[in-house]
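Below is one structure, written out as C-alpha cells, with a few remarks after it.
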Amino acid sequence: MINIGSDKQNLLPVWKGHIVIVALLFLISAAVPAFTKDMVNNSPFQELVTVQKMLADEPKVSSVSVFKNTHTFTDTESGETVTDSLSLQVFVDSNIISD
C-alpha cells in the first residue's frame, strides 16, 4: 500500500564497493566460458556429452543429465577400492510408464 500523503524517503547512495563487486562478478562470469570451452572436448567430458546427446535425441525426452561418479572406499585389511559409476537423469515430455 502506498500512502500518498507520506513524506518522501531519502535514499542512501549505492555503496561504491557494491558496484565494484558486481562489476567484477559480471566480468568473471563473462570470461569463464573462454577458459572452460576446451574442457568439453577432453575426456571424460566428451564421452559424457556424447551419451547426453544420444539420450536427448530420443523421442519424448525433454531433458538429460549425465554424471560420472567416483567412489573411494578404504579398508584397513584390503586397502583402497575405487569404483566408477555413471548416473543418468532423464525427463520425458509426458507420462509414458506403460511403454
**OP:** Name the lysines eligible as straight-distance cross-link partners of Lys53: C-alpha to C-alpha under 25 Å, and not fewer than 8 places from it in the same chain.
**Re:** Lys37, Lys68
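Quick one, can you get me the convex hull of the C-alpha atoms of the chain expressed as volume per residue in Å³? Don't jump to the answer; show the numbers that get you there.
Values: hull volume 35.0 nm³, N = 99.
Considering the Cα atoms of the chain, their hull volume per residue is 354 Å³.
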Original post:
Hey, any idea what % of the chain's accessible area is carbon plus sulfur with a 1.4 Å probe?
Top reply: 61
Subject >> Between 0 and 90°, nearest 10: helix 45-56 axis offset from the chain longest Cα axis >> reply: 90
Original post:
With r defined as the distance between the Cβ atoms of Ile96 and His71 and R0 fixed at 22 Å, what FRET efficiency is calculated, to the nearest 0.05?
Top reply: 0.10
Original post:
Got a sec? Charge dipole of the chain, +1 on Cβ for Lys and Arg, -1 for Asp and Glu; which of Leu25, Thr36, Val64 is way out at the positive end?
Top reply: Leu25
Original post:
What angle, in degrees between 0 and 90 and rounded to the nearest 10, separates the Cα long axis of helix 16-36 from the longest principal axis of the Cα atoms of the chain?
Top reply: 30
**OP:** Mind giving me the nanometre distance, one decimal, between the label points for Asp84 and Phe26, set 7 Å out from Cα along Cα→Cβ?
**Re:** 4.2
Original post:
What does the accessible area per residue of the chain come to in Å², with a 1.4 Å probe and no ligands, DNA or RNA counted?
Top reply: 92
Subject >> Nonlocal amide H pairs with Val92, under 5 Å, H built at 1.01 Å >> reply: Ser62
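Treating only the Cβ atoms of Lys and Arg (+1) and Asp and Glu (-1) as charged, compute the dipole magnitude of the chain about its Cα centre; round to the nearest 20 debye. The partial results should precede the final answer.
Values: 6 positive and 11 negative charges, 162 e Å.
The calculated dipole for the chain is roughly 780 debye.
The values are calculated or read from the model by the stated rules, or taken from the named source; none is laboratory data. These numbers come from a predicted model, not from an experiment. Glycine gets a Cβ as well: all are built from the backbone with ideal geometry, and neighbour counts include every protein chain shown. What goes into the accessible areas is simple: the full protein's heavy atoms, side chains included, and nothing from ligands, DNA or RNA. Shrake-Rupley method; radii C 1.70, N 1.55, O 1.52, S 1.80 Å.
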